[in-house]
Amino acid sequence: MDHARQPSVRHFDHCPWLFAEEATEEQRIAQREVQRALGGDTGIGERCYVAESAAVFPDRLRLGADSYIAAHAYVTGELTTGSDCTLNPFTTVRGNVVLGDGVRIGAHTSLLGFNHSMAPDRPVFRQPLTSRGIRVGDDVWIGSHVIVVDGVTIGDHCVIGAGAVVTRDLPAWSVAAGNPARVLRDRREGRAAGEAVTTDAGASGAAAAGAEARVAALASGTGAGGDPTTATESLVAPGTAADAPARAPLDGRAQWAAAEAEVRAAALASGTGAGGDPTTATDPTTGPATDPTAAPGTAPDAPARAQRAAGATGIRAAAPGIRPDGDRTPPPHPATTSDRDSAPAAPTTGTCPARAEEAAGPALTRPGGGRTPASRAGARAGGLAAFADAARAQAVELLDRCWDGERYVDRPGVAPTVRAHCDAVEIADLLLGSVPEHLSAQEHIERLSGLQDPKSGLVPEFGEPLPPAEDDGFIGEGAALYHVLCVGYALDLLGPGLPHPVRGVRNMTARQLVVRLESLPWRTAAWGAGAWVDSLATAAHWNLRHGDRGDDAGGTPESLFGWLLTRVDPWTGTWGSPSAEEGRLQVVNGYYRLTRGSFAQFGVPVPYPERVVDSVLDHARDTRHFGPGRENACNVLDVVHPLWLCTRQLGRAADGYRRDEIHDWAERQLAGVLPRWQDGRGLGFGPGTSGPGPEPGLQGTEMWLAITWYLADLLGRSDELVYRPRGIHRPEPARQGIGGLG
């Protein structure tokens with residue numbers, strides 16, 4: 001090829017990775033026209049390329065930054081991609097398909113996110129279409145001539161050999177091939193391509209070894225500008241050979257690896273059932289022949305069903321009850337609605353991902369009483385100031401509404417709670433700069449201080465007994481965990497702080513803390529695990545106020561940060577595992593709770609902030625939890641705070657990491673929340689039955705006021721609100737570092 005000549009459009013269509021560096025200004029202008037001419041609801045990120053010869057007829061398209069659609073690709077339906085995604089020549093993507101970041105799709109591959117019914121009462125061509133959708137995680141490489149059928153989820157870091165037919169979910173880090181596709185090994189196990197797989201599955205082991213060798217030939221690498229059909233990568237996973245020392249603290253998982261090998265061997269031995277026919281795996285009229293969430297190759301009722309394949313980002317397949325570090329995991333701690341930010345919402349369904357542009361929303365009340373449509377333009381043009389003015393003017397009225405004459409309730413008609421009193425204190429401080437007028441400042445202090453048990457330092461819920469301590473002296477669940485936060489910060493705003501230390505945390509040894517951290521349900525309930533860390537870290541913060549230092553405090557803060565920094569996933573910057581049912585919901589919500597109480601509260605930088613931004617933005621595209629009418633306060637707060645925290649750490653330059661995407665998301669969220677203010681009532685937690693529900697109340701109002709500040713601050717506009725959170729959701733660290741008072 002004569003590289004001295006200026007590449008033509010036909011050249012770029014087939015080699016789009018060259019466009020960014022080699023295109024002329026005229027060709028760039030022409031490419032922008034191609035993108036503008038695309039039909040449907042389309043949004044194209046920065047430095048993207050769409051081939052003129054591609055047939056792109058979407059109902060909805062969101063193409064992340066630095067992504068391309070190459071020559072003769074065929075795209076219909078709804079496609080959402082992260083950044084650095086490639087659809088190589090002759091790729092077909094139809095139906096509802098969501099890709100994470102860094103997904104490489106080889107030539108002639110088909111992702112078919114829809115299906116026909118096949119009931120016998122009518123011809124197939126008259127059958128209705130159905131769509132469960134396809135979800136692909138981050139850092140996934142799909143070879144040439146692969147077929148992925150509707151309803152499949154492919155976890156993070158998977159590699160799929162050319163010619164595979166993927167009919168079932170694949171867990172994160174899988175290397176898979178065949179028809180139907182089977183998991184051959186875990187990329188992190190470190191075998192070079194073509195090396196035999198050792199199993200105890202007899203003939204199936206031999207078959208697996210042969211398939212492993214075929215993967216080396218079938219699934220080729222990402223050279224020549226990123227085309228997965230041309231390179232010769234050896235498929236050795238990160239974490240082996242050269243970078244093994246760097247990952248040593250994270251990969252000492254011999255027990256887990258052995259258990260997982262047994263699960264995979266059993267899966268290979270058991271086959272796929274129903275002949276492995278890909279047309280039956282997604283038949284919407286009869287249901288899947290086998291459990292689509294089971295590990296590849298397992299029988300429908302096999303114990304390995306517990307090893308569910310990943311959600312949008314993948315979940316490690318492991319033997320039942322075995323965590324990746326090898327220890328047994330107890331049942332997850334149940335979340336309670338009295339815990340901070342409430343339990344994560346139950347999954348819902350929907351078709352409009354969070355990246356969709358929102359139309360004008362409901363009306364927004366102006367201070368003068370008029371009504372004006374709320375839109376993104378409205379949010380920019382004074383909506384923040386009007387919102388804050390209305391909130392301040394009506395603060396006394398909404399607090400009156402939640403005072404039953406003796407105590408505070410979240411909303412009329414429900415029982416008084418400790419949290420409601422604390423939320424009232426936070427709202428009054430935020431909007432009025434004073435205490436709620438139903439009691440004097442001293443009466444507020446006496447009431448809240450009197451709730452703390454002097455011996456344990458815990459605060460039970462009204463009318464409930466003090467929760468019993470576990471073997472290490474601290475509790476594992478219940479409202480009292482969150483009361484460490486809300487009562488502590490309410491008293492902090494009022495002046496004196498908690499009168500007694502939290503004894504279970506003060507007396508906990510470093511060894512006891514590590515044992516407890518290891519036993520938390522990171523794989524199945526990362527939100528609950530993060531909430532526990534939040535409570536423990538906040539208790540350690542209050543204890544330091546009482547003079548705890550070093551050995552006198554059992555080394556709790558030091559041990560906590562040491563454990564967290566050596567257990568974080570460097571690929572995502574988070575703790576815990578996603579799931580097929582909820583995607584990243586548990587992981588991201590748990591990340592917020594964990595980092596709020598530890599890294600943010602103590603002023604310690606979070607690890608891998610870029611990867612956190614990637615993970616959180618991916619979660620914010622999940623249609624089950626975001627989109628018009630879907631966001632609740634917990635889910636939005638748990639996205640905006642990590643984005644704010646990491647953006648602050650990375651710097652806020654004009655070209656900051658994924659700045660445009662973060663700003664776009666923040667603007668859309670502001671445009672949605674401002675119109676939801678109800679005169680004299682405030683804001684509801686959110687739709688559905690999670691948390692307090694949609695009726696305006698103290699919890700929803702307190703949380704959304706803080707969320708609005710963080711959204712505005714991401715956009716550099718928080719000064720328009722003329723308020724700044726000072727309690728639980730304060731942006732500044734409560735102390736600087738883990739030693740001293742800061």
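Could you say whether any residue in the stretch 124-138 is more than 20 Å from Arg60 (Cα to Cα), β-branched (Val, Ile, Thr), modelled with pLDDT of 95 or more and surrounded by fewer than 24 Cβ atoms within 10 Å (Cβ to Cβ)? Full working, then the answer.
As a first pass, look at the stretch 124-138 and keep what is more than 20 Å from Arg60 (Cα to Cα): 124-128, 138.
This time we only want the ones that are β-branched (Val, Ile, Thr), so: 124.
When the remaining residues are screened for being modelled with pLDDT of 95 or more, the result is none.
No; the residues of the stretch 124-138 include none that is more than 20 Å from Arg60 (Cα to Cα), β-branched (Val, Ile, Thr), modelled with pLDDT of 95 or more and surrounded by fewer than 24 Cβ atoms within 10 Å (Cβ to Cβ).
Are there any helices (runs of 4 or more DSSP H) wholly within the stretch 454-543 with 3 or more residues that are buried (at least 24 other Cβ atoms within 10 Å of the Cβ) and at pLDDT 95 or above, and if so which? Write out each step before concluding.
Details: elements: 479-494, 503-506, 510-519.
The qualifying helices (runs of 4 or more DSSP H) are 479-494.
Considering only residues that are under 13 Å from the mean Cα position of the chain (by Cα), more than 18 Å from Ser519 (Cβ to Cβ) and either among the polar types (S, T, N, Q) or surrounded by fewer than 24 Cβ atoms within 10 Å (Cβ to Cβ) (or both), which ones fall in the stretch 572-612?
Thr572, Gly573, Thr574, Ser579, Ala580, Glu581, Glu582, Asn589, Arg611, listed by residue number.
Would you say Arg135 is among the basic types (Lys, Arg) and either over 30 Å from the mean Cα position of the chain (by Cα) or over 22 Å from Leu617 (Cα atoms) (or both)? Even if it seems obvious, please write down each step before you answer.
Values: among the basic types (Lys, Arg): yes; either over 30 Å from the mean Cα position of the chain (by Cα) or over 22 Å from Leu617 (Cα atoms) (or both): no.
So Arg135 fails the test.
Give Phe57, Phe90 a once-over and let me know the one that is surrounded by fewer than 18 Cβ atoms within 10 Å (Cβ to Cβ), out of contact with any Leu (no Cβ under 6 Å at 6 or more places or on another chain) and within 16 Å of Leu112 (Cα to Cα). If you could, list the steps in order and put the result at the bottom.
On the way: Phe90 fails: surrounded by fewer than 18 Cβ atoms within 10 Å (Cβ to Cβ).
Only one candidate passes the filter, namely Phe57.
Okay, residues lined up against (1) over 18 Å from the mean Cα position of the chain (by Cα); (2) surrounded by fewer than 21 Cβ atoms within 10 Å (Cβ to Cβ); (3) modelled with pLDDT under 95; (4) among the polar types (S, T, N, Q):
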| position | (1), (2), (3), (4) |
| --- | --- |
| Ala633 | no, no, no, no |
| Leu637 | no, no, no, no |
| Pro642 | no, no, no, no |
| Gly651 | yes, yes, yes, no |
| Gly656 | yes, yes, yes, no |
| Thr689 | yes, yes, yes, yes |
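Which condition breaks for Gln669 when tested against (1) of a type in the set (S, T, N, Q); (2) closer than 18 Å to Val616 by Cα; (3) out of contact with any helix residue (DSSP H, G or I) (no Cβ under 9 Å at 6 or more places or on another chain)?
Unmet for Gln669, out of (1) of a type in the set (S, T, N, Q); (2) closer than 18 Å to Val616 by Cα; (3) out of contact with any helix residue (DSSP H, G or I) (no Cβ under 9 Å at 6 or more places or on another chain): (3).
Yes or no: the stretch 416-429 includes at least one residue that is surrounded by 18 or more Cβ atoms within 10 Å (Cβ to Cβ), under 30 Å from Ser519 (Cα atoms) and modelled with pLDDT under 95.
No, the stretch 416-429 contains no residue that is surrounded by 18 or more Cβ atoms within 10 Å (Cβ to Cβ), under 30 Å from Ser519 (Cα atoms) and modelled with pLDDT under 95.
Examine the stretch 680-695 for a residue that is in a helix (DSSP H, G or I) and within 21 Å of Val409 (Cβ to Cβ), and state whether such a residue exists. Before the answer, list the steps.
Step one: of the stretch 680-695, the residues in a helix (DSSP H, G or I) are none.
For the stretch 680-695, residues in a helix (DSSP H, G or I) and within 21 Å of Val409 (Cβ to Cβ): absent.
Restricting attention to the stretch 101-120, report how many residues are outside any strand (DSSP E or B) and touching a residue at least 60 places away in the same chain (Cβ under 8 Å). Working first, answer last.
Start the filter on the stretch 101-120 by keeping residues that are outside any strand (DSSP E or B), which leaves 101-102, 106-109, 114, 117-120.
Pick out the ones that are also touching a residue at least 60 places away in the same chain (Cβ under 8 Å) and you get 101, 106-107, 117-119.
Residues meeting the conditions: 6.
As an exercise: evaluate Pro675 against (1) more than 20 Å from the chain's Cα centre (by Cα); (2) without any contact (Cβ under 8 Å) to a residue 24 or more places away in the chain and give the number of the one condition it does not meet.
(2)
Going residue by residue through the stretch 383-405, is there one that turns out to be assigned to a strand (DSSP E or B) and either surrounded by fewer than 21 Cβ atoms within 10 Å (Cβ to Cβ) or not charged (D, E, K, R) (or both)?
So in the stretch 383-405, the residues assigned to a strand (DSSP E or B) come out as 403.
Subsequent filtering for residues that are either surrounded by fewer than 21 Cβ atoms within 10 Å (Cβ to Cβ) or not charged (D, E, K, R) (or both) retains 403.
Yes; the residues of the stretch 383-405 include at least one that is assigned to a strand (DSSP E or B) and either surrounded by fewer than 21 Cβ atoms within 10 Å (Cβ to Cβ) or not charged (D, E, K, R) (or both).
How about the stretch 35-67: which of its residues are under 21 Å from Glu21 (Cβ atoms) and among the aromatic types (Phe, Trp, Tyr)?
Tyr49
Given Ala706, Ala734, which one is in contact with a His (Cβ under 9 Å, 6 or more places away or on another chain), within 24 Å of Arg419 (Cα to Cα) and assigned to a loop (DSSP other than H, G, I, E, B)?
The conditions single out Ala734.
Is the stretch 684-702 home to any residue that is in contact with a Phe, Trp or Tyr (Cβ under 7 Å, 6 or more places away or on another chain), over 20 Å from Arg624 (Cβ atoms) and free of Cβ contacts under 8 Å to residues at least 60 places away in the same chain?
Scanning the stretch 684-702, I find no residue that is in contact with a Phe, Trp or Tyr (Cβ under 7 Å, 6 or more places away or on another chain), over 20 Å from Arg624 (Cβ atoms) and free of Cβ contacts under 8 Å to residues at least 60 places away in the same chain, so the answer is no.
The values are calculated or read from the model by the stated rules, or taken from the named source; none is laboratory data. Since this is a predicted model, take the numbers as computed values, not measurements. Please note: Cβ atoms are built from the backbone with ideal geometry, for glycine as well, and neighbour counts cover all protein chains shown.
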